[in-house]
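One structure is given here, and the rest of the page talks about it.
The values are calculated or read from the model by the stated rules, or taken from the named source; none is laboratory data. Every value quoted in this text rests on a predicted model; they were computed, and no experiment measured them. So basically every Cβ, Gly included, is an ideal-geometry build from the backbone, and we count neighbours across all protein chains shown. Remember, those area values only see protein heavy atoms, side chains included, never the ligands or the DNA or RNA. Shrake-Rupley method; radii C 1.70, N 1.55, O 1.52, S 1.80 Å.
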Amino acid sequence: MKDQPHVGLSLVSKAPMGMLITALVAVIANVLLELNIITLGYAVVGGVVSAVLLLAYWLGKGGLFFILGVSLPLGLVLFTPLASITALLNLVSGFFFGFCAALFVYKLLANK
């Protein structure tokens, strides 16, 4: 992927749709189930950090950024308190929302 950055960066154009879908899943889950704001907060921040690390890799800054970027979700699952299946749903939807939000911000900044 490092030799072809367009492969990873092609996700940037799909970020707005990803934000919409993950926000919709989070809203539906939190209306029907319970909201775990701490887990959701950790997840969004983790998604943003993971996206920034992977963007660094896709822009040719080194393979360490790839390893850290794809390892971060595992760290979130291991260290975030997941007392229920709802908390896991908040973690997954929040992570992908944060990931897509970071890619969307990159898209806006790259177009300037």
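Numbers at a glance
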quantity: Residue count, region 54-71 (criterion: under 11 Å from the mean Cα position of the chain (by Cα) and buried (at least 19 other Cβ atoms within 10 Å of the Cβ)); calculated: 2
quantity: Members of region 5-51 found to be assigned to a helix (DSSP H, G or I), modelled with pLDDT under 80, open to solvent by 30 Å² or more (accessible area, probe 1.4 Å) and closer than 19 Å to ILE85 by Cβ, listed by number; calculated: ASN30, VAL31, LEU32
quantity: Near pairs, Cβ below 7 angstrom, 6+ apart or cross-chain, from region 85-112 (over 15 Å from LEU55 (Cα atoms) and touching a residue at least 40 places away in the same chain (Cβ under 8 Å)) to any residue that is among the acidic types (Asp, Glu) and outside any helix (DSSP H, G or I); calculated: THR86/GLU34
quantity: Scope region 87-102; condition open to solvent by less than 60 Å² (accessible area, probe 1.4 Å) and either touching a Leu at 6+ places or on another chain (Cβ under 6 Å) or not hydrophobic (A, V, I, L, M, F, W, C) (or both); matching residues; calculated: ASN90, SER93, GLY94, GLY98
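Each row is one residue, and each column tells you yes or no for (1) touching a residue at least 12 places away in the same chain (Cβ under 8 Å); (2) not polar (S, T, N, Q).
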residue	(1), (2)
THR22	yes, no
LEU64	no, yes
SER71	no, no
THR80	yes, no
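A quick yes/no check of all residues on (1) hydroxyl-bearing (Ser, Thr, Tyr); (2) out of contact with any strand residue (DSSP E or B) (no Cβ under 7 Å at 6 or more places or on another chain); (3) within 13 Å of ALA102 (Cα to Cα):
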position	(1), (2), (3)
SER10	yes, yes, no
ALA23	no, yes, no
VAL27	no, yes, no
LEU32	no, yes, no
ILE38	no, yes, no
VAL44	no, yes, yes
GLY47	no, yes, yes
TRP58	no, yes, no
